[in-house]
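This report concerns only the one structure given below.
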Amino acid sequence: QVQLVESGGGLVQPGGSLRLSCAASGRAFSSYAMGWFRQAPGKARELVSAIRWSGGTTYCADSVKGRFTISRDSAKNTVDLQMNSLKPEDTAVYYCAAGRLGTATLTTVRFYNWWGQGTQVTVSS
């Protein structure tokens, strides 16, 4: 089991940028996938972006493609989400999650078993 703590959320104007960071503690991170999810009020949770700790495989949802970039630093046990050109529809609580996906695709969300507490991102003028 791992523990995840998100940070970096806040209020930003449309077109602005934020960088979210997820600090992980535990072991065997190299075998895990890390994902950023978000959930807006009244909406279902959705996978935004994900990355494997090894192999360099990434996933990015169409809604944020070209605007968000996921990265990880294995030495620091962190995974970041750089969010640029933010839109009001990006407003949500953003969660970091981890799971042992094995050979499953990064979008196999049921295998993400460990979750952070979430950080609020609000995009508004």
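The values are calculated or read from the model by the stated rules, or taken from the named source; none is laboratory data. Being a predicted model, the structure only gives us computed values, none of them experimental. Every residue, glycine among them, receives a Cβ derived from its backbone with ideal geometry; neighbour counts consider all protein chains shown. Surface accessibility is based on the protein's heavy atoms, side chains included, excluding ligands, DNA and RNA. Shrake-Rupley method; radii C 1.70, N 1.55, O 1.52, S 1.80 Å.
Filter the stretch 1-29 for residues that are in contact with a Cys (Cβ under 6 Å, 6 or more places away or on another chain) and not hydrophobic (A, V, I, L, M, F, W, C) and give the result. Of everything in the stretch 1-29, just one residue is in contact with a Cys (Cβ under 6 Å, 6 or more places away or on another chain) and not hydrophobic (A, V, I, L, M, F, W, C), namely Glu6. Among the residues of the stretch 48-63, those identified as out of contact with any Phe, Trp or Tyr (no Cβ under 6 Å at 6 or more places or on another chain), among the β-branched types (Val, Ile, Thr) and under 28 Å from Pro88 (Cα atoms) are Ile51, Thr58. With respect to Gly10, determine if the residue is in contact (Cβ under 8 Å) with a residue 12 or more places away in the chain, within 14 Å of the chain's Cα centre (by Cα) and open to solvent by less than 50 Å² (accessible area, probe 1.4 Å). Here the answer is no, as Gly10 does not meet what is asked.
Quick grid of which residues meet (1) of a type in the set (Gly, Ala, Ser); (2) within 22 Å of Thr122 (Cβ to Cβ); (3) not in a strand (DSSP E or B):
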residue: Arg27; (1), (2), (3): no, no, yes
residue: Ala44; (1), (2), (3): yes, yes, yes
residue: Gly56; (1), (2), (3): yes, no, yes
residue: Tyr59; (1), (2), (3): no, no, no
residue: Ser71; (1), (2), (3): yes, no, no
residue: Asp80; (1), (2), (3): no, yes, no
residue: Tyr94; (1), (2), (3): no, yes, no
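If you go through the stretch 79-96 and pick out every residue that is surrounded by fewer than 18 Cβ atoms within 10 Å (Cβ to Cβ) and within 11 Å of the chain's Cα centre (by Cα), you end up with 1. Given the criteria touching a strand residue (DSSP E or B) at 6+ places or on another chain (Cβ under 7 Å) and surrounded by fewer than 14 Cβ atoms within 10 Å (Cβ to Cβ), does Ser49 qualify? Considered against the rule, which asks whether it is touching a strand residue (DSSP E or B) at 6+ places or on another chain (Cβ under 7 Å) and surrounded by fewer than 14 Cβ atoms within 10 Å (Cβ to Cβ), Ser49 comes out as no.
Every condition in (1) closer than 18 Å to Val109 by Cα; (2) in contact (Cβ under 8 Å) with a residue 12 or more places away in the chain; (3) over 13 Å from the mean Cα position of the chain (by Cα) holds for Ala44 except the one numbered (2). Would you be able to say whether some residue in the stretch 72-84 is touching a residue at least 24 places away in the same chain (Cβ under 8 Å), under 17 Å from Gly16 (Cα atoms) and of a type in the set (S, T, N, Q)? Checking the stretch 72-84: at least one residue is touching a residue at least 24 places away in the same chain (Cβ under 8 Å), under 17 Å from Gly16 (Cα atoms) and of a type in the set (S, T, N, Q). Condition test on Leu86, is it touching a Lys or Arg at 6+ places or on another chain (Cβ under 9 Å) and assigned to a loop (DSSP other than H, G, I, E, B)? Yes; evaluated as a whole, the condition is true for this residue. The residues of the stretch 97-122 that are assigned to a strand (DSSP E or B) and exposed (fewer than 13 other Cβ atoms within 10 Å of the Cβ) amount to a single one, Gln120.
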